[in-house]
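J.: After the structure tokens below, expect a handful of questions from me.
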Amino acid sequence: MRQTTETTYWKVNGFLALLVELALWVGALFLFVQVVQRAETGGFMGFLWGALGVSLVAGVGISGFFLNQPNEARALIFFGRYLGTIRDAGFWWSMPLVARRRVSLRIRNFNSERLKVNDARGNPVEIGAVVVWRVVDTARALFDVDDYVSFVAIQSETAIRGLATSYPYDGEEGGFSLRGSPHEVAERLREQVQERLAAAGVEVTEARISHLAYATEIAQAMLRRQQAEAIIAARKKIVQGAVGMVQHALQMLADEGVVELDEERKAAMVNNLLVALVSEQDMQPVVNTGTLFA
């Protein structure tokens, strides 16, 4: 498909052109006055044709005035042919008898609906995103797509669906996931949306996930799974810490020479310490004061 490229079209200061326009109307009025004065004596046809010609030029010239707001562009179309685009803000005069299509160059937001898709593991999730975009090529936006605003919405939602199927909701440690890698996922989403919107002359400045959750039908099951994983991770940390404390205690007893422990008593001590440190309930200490028999 042949792409249209934006070009800059000529323009004249509107206030300067307004002075010329007023001068033309004054000239036309003067010629009409001459026609009236010479109506009885004759010789007025030249003035009449001159007045009509100047009036026609002045009347057509009025259509050349237009006003451009900041961050706004006008694409000029003359009998179906694209002439160029004027981006500068202000009061201008350009070629008359042309259609001027207004295009906003301001930054816009597209906030997608909450889409229900399956992630990379097949789990149904709800996902939504915000896409920040603006038009950078008015010719492509107007002539290469039917409706560039609708095009942005449809292509952005398509990219969001594609992204959700490429990553799992939760990933393993060190892997990318929708929930665990927000910056990487946002950059990938921006790249995918930009690829799709380049044909419309649109630049994507930012794209981020605004909503992410498991679908309702599996939300409770996944919540229990996350809780179980969190408990397992916490218990693993507790056991690692307890083992380190027991090792440190045995090493200190050996270094200080407080007591000599054989392997059986070391095993009993390790068991007692681990039970006391790892147990979720408070342990009641038992004081051993010795044996009844020597």
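Any read-out appearing in this document is the output of simple, stated calculations on the displayed coordinates, not a laboratory observation. All of these numbers come straight from a predicted model, not from anything done at the bench. Positions of Cβ are generated from backbone atoms using ideal geometry, with glycine treated the same way; all protein chains shown enter the neighbour counts.
J.: Restricting to Cα pairs below 8 Å that are 6+ residues apart, what does the relative contact order work out to for segment 108-214? Please round to a whole percent. Show your work: numbers first, answer last.
T.: Details: 199 pairs, mean separation 41.1, N = 107.
Computed value for segment 108-214: 38 percent relative contact order.
J.: Rounded if a/c is under 1.5, else prolate if a/b beats b/c, else oblate: with a ≥ b ≥ c from the C-alpha gyration tensor eigenvalues square-rooted, which is segment 108-214? Before the final figure, lay out the partial values.
T.: Working: a/c = 2.63, a/b = 2.12, b/c = 1.24.
Prolate is the answer for segment 108-214, as a/c is 1.5 or above and a/b outweighs b/c.
J.: Another one. Based on the alpha-carbon gyration tensor of segment 12-103 and its eigenvalue square roots a ≥ b ≥ c, which shape applies: rounded if a/c is under 1.5, prolate if not and a/b is larger than b/c, or oblate? Don't skip to the answer; put the middle values down first.
T.: On the way: a/c = 5.59, a/b = 2.58, b/c = 2.16.
Here segment 12-103 falls in the prolate category.
J.: Can you compute the charge dipole magnitude of segment 108-214 about its Cα centre, using +1 on each Lys and Arg Cβ and -1 on each Asp and Glu Cβ, nothing else charged? Give it in debye, rounded to the nearest 20. It would help to have the intermediate numbers written out before the result.
T.: Details: 12 positive and 17 negative charges, 39 e Å.
Taking the Cα centre of segment 108-214 as origin, the dipole is about 180 debye.
J.: Sticking with this structure for a sec: Evaluate E = 1/(1 + (r/R0)^6) for E187 and A153, where r is the Cβ-Cβ distance and R0 equals 22 Å; express this FRET efficiency to the nearest 0.05. Spell out each step's value before the answer.
T.: Numbers: r = 21 Å, r/R0 = 0.97.
After rounding to 0.05, the efficiency reads 0.55.
J.: Roughly speaking, what is the stretch gain from F176 to N123, that is 0.36 nm per residue apart minus the C-alpha to C-alpha distance, in nm to one decimal?
T.: Working: separation 53, 0.36 × 53 = 19.08 nm, distance 1.59 nm.
Contour length minus Cα-Cα distance gives 17.5 nm.
J.: Given a Förster distance of 30 Å, report the FRET efficiency between A89 and T205 from their Cβ-Cβ distance, rounded to the nearest 0.05. Don't skip to the end; give the middle numbers.
T.: Values: r = 21 Å, r/R0 = 0.70.
The computed FRET efficiency comes out at 0.90.
J.: Under a plain spin-label model, where a point goes 7 Å from the Cα along Cα-to-Cβ, how far apart in nm are A39 and V60?
T.: So the two model labels end up 2.8 nm from each other.
J.: Filter the trypsin sites (Lys or Arg not before Pro) in segment 1-77 to those in DSSP coil with at most 13 other Cβ atoms within 10 Å of their Cβ, and list the result. If you can, show how the numbers build up before the last one.
T.: Values: sites: R2, K11, R38, R74; in loops: R2, K11, R38.
The qualifying sites are R2.
J.: At 0.36 nm per residue, and after removing the present C-alpha to C-alpha distance, how many nm does the segment from V243 to F78 gain when stretched out fully?
T.: On the way: separation 165, 0.36 × 165 = 59.40 nm, distance 8.32 nm.
Going from the current span to full extension adds 51.1 nm.
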